[in-house]
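Comments concern the structure below.
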Amino acid sequence: MSLPSLAAGLAVAALLSLDRRAFMQTMLGRPLVTGALVGAALSEPAAGLTLGLWTELLWLWRLNSGGYYTPNTPLALSAVLIALLAEGAPGPADPRARLVLGFALIPILAHLLIHLDSLLRRRAGERSRRLRERLLSLEAGGPEGVEEARRAAPASFRREALLGIPETLLASVAFLAAAVPCVMGLAALLAALLPSHFWKPVAAFAPYAPAAGLLGIASSLSRPSLPPYLLGALAALLALALLRSAGIWPLL
């Protein structure tokens with residue numbers, strides 16, 4: 001496996017994980033963008049974009065709102081891409097079967113990441129609580145304390161937000177360091193145990209993989225409010241059609 005390619009994929013994936021931080025929501029962490037960028041870092045841009053499109057459609061109708069947070073699919077997608085697309089990575093010989101295998105593993109990894117995201121949110125909440133307590137103690141000192149707290153609050157909250165950056169990066173790198181070898185080992189085991197003819201119907205599923213996400217979107221149409229990212233679904237479908245018509249990814 002090419003070490004520079006692996007390092008580039010890990011670095012891009014870790015940086016994109018910052019998109020889930022409240023102060024840095026750029027939408028670069030969407031699966032569609034993550035797949036393209038991590039795939040490009042691994043010198044497999046078409047395969048990365050394809051798996052990113054499938055994953056985008058799979059979770060497009062689930063959005064962060066209120067107390068609900070979507071699973072960290074971009075980081076799960078990154079782990080699968082690095083494990084299955086890096087040079088010399090183990091797995092089925094047919095690249096279509098490799099993508100379908102990765103697509104099946106992404107929801108499992110994403111739901112495991114719910115626990116990691118919950119831990120990071122709890123730690124961020126504890127830092128905010130301690131900061132508010134310090135500001136309230138200043139305000140209890142009278143008018144001068146209130147003025148001091150007012151001046152200190154903006155810088156204090158910015159510093160608190162910045163403290164989450166290295167924590168998020170370290171947590172993302174730790175997850176990738178654990179998940180990538182596990183996915184590689186599983187892919188190698190399945191490739192060794194299952195005969196080659198088993199992977200033919202798996203590979204044949206590749207053109208129909210986007211339908212899994214479309215079913216989720218269709219089920220959400222019966223709700224009172226449409227998902228705000230419904231136009232994103234159309235954009236993803238358009239990108240999928242363009243890839244196929246241009247022959248950029250002939251497996252579609």
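The values are calculated or read from the model by the stated rules, or taken from the named source; none is laboratory data. Since this is a predicted model, take the numbers as computed values, not measurements. So basically every Cβ, Gly included, is an ideal-geometry build from the backbone, and we count neighbours across all protein chains shown.
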Practice problem: Give me the pairs, please: first residue somewhere in segment 189-211 and under 9 Å from ARG96 (Cβ atoms), second residue anywhere and among the small types (Gly, Ala, Ser) and in a helix (DSSP H, G or I), beta-carbon distance under 8 Å, and either six or more positions apart or on two chains. | Solution: TRP199/ALA97; VAL202/ALA97; ALA203/ALA97; ALA206/ALA97
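Every residue, every condition in (1) surrounded by fewer than 24 Cβ atoms within 10 Å (Cβ to Cβ); (2) modelled with pLDDT under 85; (3) under 14 Å from the mean Cα position of the chain (by Cα), yes or no:
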site: SER43; (1), (2), (3): yes, no, no
site: TRP54; (1), (2), (3): no, no, yes
site: ALA79; (1), (2), (3): no, no, yes
site: ALA83; (1), (2), (3): no, no, no
site: ALA89; (1), (2), (3): yes, yes, no
site: ASP94; (1), (2), (3): yes, no, no
site: ARG98; (1), (2), (3): no, no, no
Practice problem: Check CYS182 against each of (1) farther than 16 Å from THR50 by Cα; (2) at pLDDT below 65; (3) surrounded by 12 or more Cβ atoms within 10 Å (Cβ to Cβ) and name the one condition it does not meet. | Solution: (2)
Quiz item: Out of (1) at pLDDT below 75; (2) touching a Ser or Thr at 6+ places or on another chain (Cβ under 8 Å); (3) not polar (S, T, N, Q), the odd one out for ALA13 is which?
Solution: (1)
Exercise. Mind telling me which of the residues ARG151, ARG130 ends up being assigned to a helix (DSSP H, G or I), farther than 24 Å from LEU15 by Cα, at pLDDT 75 or above and of a type in the set (Lys, Arg)?
Key: ARG130
Quiz item: Of these, ARG121, ARG98, which one is of a type in the set (Lys, Arg) and either outside any helix (DSSP H, G or I) or under 23 Å from PRO207 (Cβ atoms) (or both)?
Solution: ARG98
